[in-house]
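I have placed the structure first, in the form of structure tokens, so that the comments after it can refer back to it.
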Amino acid sequence: MDAAPSQDATIDTSVPDGGADAGVSCVGPPDRDFEPNDSTAAAVQLPPQHYVVDFVGICSQDDADIYWAMLTGGQRLTLRLDFAHIAGDLTLAVLDNASSQLRFSDGSSTTDNFESIDITNIPGGKYYFKVKGKDPGVRNTYTLTLDVQ
Ligand SMILES: [Ca+2]
Ligand SMILES: [Ca+2]
Ligand SMILES: [Ca+2]
């Protein structure tokens, strides 16, 4: 995948993580290839469309995974973070271009293994999507699904 516009060409979630062992994703691609992405300055660009980031994880003390996308005004942004809550509680946030937090989701439980954020009629601009452990010691794998309509 070496298509044009700059950075997003490096994202290839079809890369296998090396096996069914969920822990493998923390040391293998693509999570390894995305790191470091712990700050907004180092965030990984995602295309503003339906897009799934899989085989990734919160893998070390204080790891945060930050992605970004450029959205057009009036669009609807939907994010869903799926993970096994019992294996490690994760949170999801949407930040604006100034890194101010617009939305935060931490409603997961042992029966609701996900976080979700839905923003309609969003102003155009750059937005960051932040996945983090609820506590500094949390380690877990997750799937982040982005939808822009
Ligand atoms: Ca990570
Ligand atoms: Ca990270
Ligand atoms: Ca949570």
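Values quoted throughout were computed directly from the atomic coordinates according to the rules given, and no laboratory measurement underlies them. What you are looking at is a predicted structure, and each value in this text was computed from that prediction instead of being measured. For neighbour counting, all protein chains shown are included, and Cβ atoms are generated from backbone atoms with ideal geometry for every residue, glycine included.
Summary of computed values
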read-out: For VAL44, VAL138, VAL52, order by how many other beta-carbon atoms lie within 10 Å, fewest first; value: VAL52, VAL138, VAL44
read-out: Proxy reagent accessibility, fewest Cβ within 10 Å first, across SER60, SER105; value: SER60, SER105
read-out: Likely footprinting exposure, PHE104, PHE83, fewest C-beta neighbours within 10 Å first; value: PHE104, PHE83
